[in-house]
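Working notes, beginning with the structure itself.
Read the figures in this text as sums done on the coordinates, not as results from a lab. From a predicted model like this one, the values you see are computed outputs, not experimental measurements. Using ideal geometry, Cβ is built from the backbone for each residue, glycine included, and neighbour counts are taken over all protein chains shown.
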Amino acid sequence: MKITFLGTGTSQGIPVIGCTHEVCLSGDPKDKRLRSSILMEWDDYRYVIDCGPDFRQQMLSANVANINGVLFTHFHADHTAGLDDIRPFSQRFGHIPLYAQESVIKNLKERFDYIFATNNRYVGAPSVQLNTIENKSFYIGNKQILPVEVEHGKIKIFGYRVDRFAYITDAKRISTTEKEKLQDLEVLVINALRIEPHPTHLNLQEALELIAELKPKKTYLTHISHRLGFYADVSKSLPEDVFLAYDGLTIEV
Ligand SMILES: [Zn+2]
Ligand SMILES: [Zn+2]
């Protein structure tokens with residue numbers, strides 16, 4: 001399976017609009033981060049996890065001409081706001097399958113009422129096929145996906161495990177039971193927001209403690225704020241086999 005990091009930034013991305021922080025002014029392309037999302041590709045299948053406000057740019061940059069579906073981690077705007085831009089796919093290929101827990105689907109129906117309207121539906125609206133998922137395994141294409149429930153402040157959201165790869169974003173805490181699903185990983189992707197603690201996201205130290213506990217072979221950090229520091233500096237400070245992800249990075253799992 002090939003994983004492409006489409007975006008690795010926190011909710012406002014990097015640079016933040018109008019921000020004069022040194023990381024926001026950095027000339028290093030690895031310090032430019034769109035909102036967090038990945039593309040998973042295997043055989044003829046192509047799925048994205050989350051569909052934030054940068055989705056259109058991400059599909060263009062990664063040269064994606066079709067997708068088989070979108071998996072959502074949670075309803076926050078930085079993970080859902082680009083849903084209208086699945087139109088080029090639904091116009092060409094028909095209903096795009098969406099996978100999310102019930103609370104997320106309910107929220108999407110409020111945010112994007114015109115997409116889900118049954119009466120007087122606007123002809124140009126994206127067309128989707130809803131799949132309500134629970135905290136148990138399901139299939140996309142020929143692969144089994146295992147949701148991993150993590151705590152993002154007060155809300156419970158999903159990360160996903162596929163084979164020996166797991167993608168967790170926006171976590172602050174993971175229960176002992178759910179941590180069991182993250183054993184024996186080849187690659188873990190986990191969020192690490194910044195140096196200082198944050199009420200709803202792991203900071204760098206908390207992420208590193210979790211990695212030390214779970215012991216994946218390799219870990220990539222994502223959902224990064226400008227307040228974590230420069231890519232080049234932070235990369236040098238990380239333990240062996242822990243890396244900062246960056247936009248456009250591809251890995252094979
Ligand atoms: Zn987020
Ligand atoms: Zn969030």
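Can you tell me which of Leu185, Leu221 is closer than 21 Å to Asp241 by Cα, within 16 Å of ligand 1 (Cβ to nearest atom), in contact (Cβ under 8 Å) with a residue 24 or more places away in the chain and not aromatic (Phe, Trp, Tyr)?
None of the other options fit; the residue is Leu221.
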Check Ser235 against each of (1) buried (at least 23 other Cβ atoms within 10 Å of the Cβ); (2) free of Cβ contacts under 8 Å to residues at least 24 places away in the same chain; (3) of a type in the set (Ser, Thr, Tyr) and name the one condition it does not meet. (1)
Where the second residue is in a helix (DSSP H, G or I) and the first is away from ligand 1 (no atom under 16 Å from the Cβ) and lies in the range 75-102, which pairs have Cβ atoms under 6 Å and are six or more apart or on separate chains? Asp85/Phe55; Asp85/Arg56; Ile96/Ile86; Ile96/Phe89; Ile96/Ser90
If we keep only residues of the range 161-181 that are among the acidic types (Asp, Glu) and over 13 Å from the mean Cα position of the chain (by Cα), then the residue nearest to ligand 2 (Cβ to nearest atom) is Glu178
Among the residues of the range 145-160, is any within 30 Å of Ser26 (Cα to Cα) and within 18 Å of the chain's Cα centre (by Cα)? yes
Give the residues of the range 25-73 that are among the β-branched types (Val, Ile, Thr), closer than 19 Å to Val253 by Cα and within 16 Å of ligand 2 (Cβ to nearest atom), sorted by residue number. Ile38, Ile49
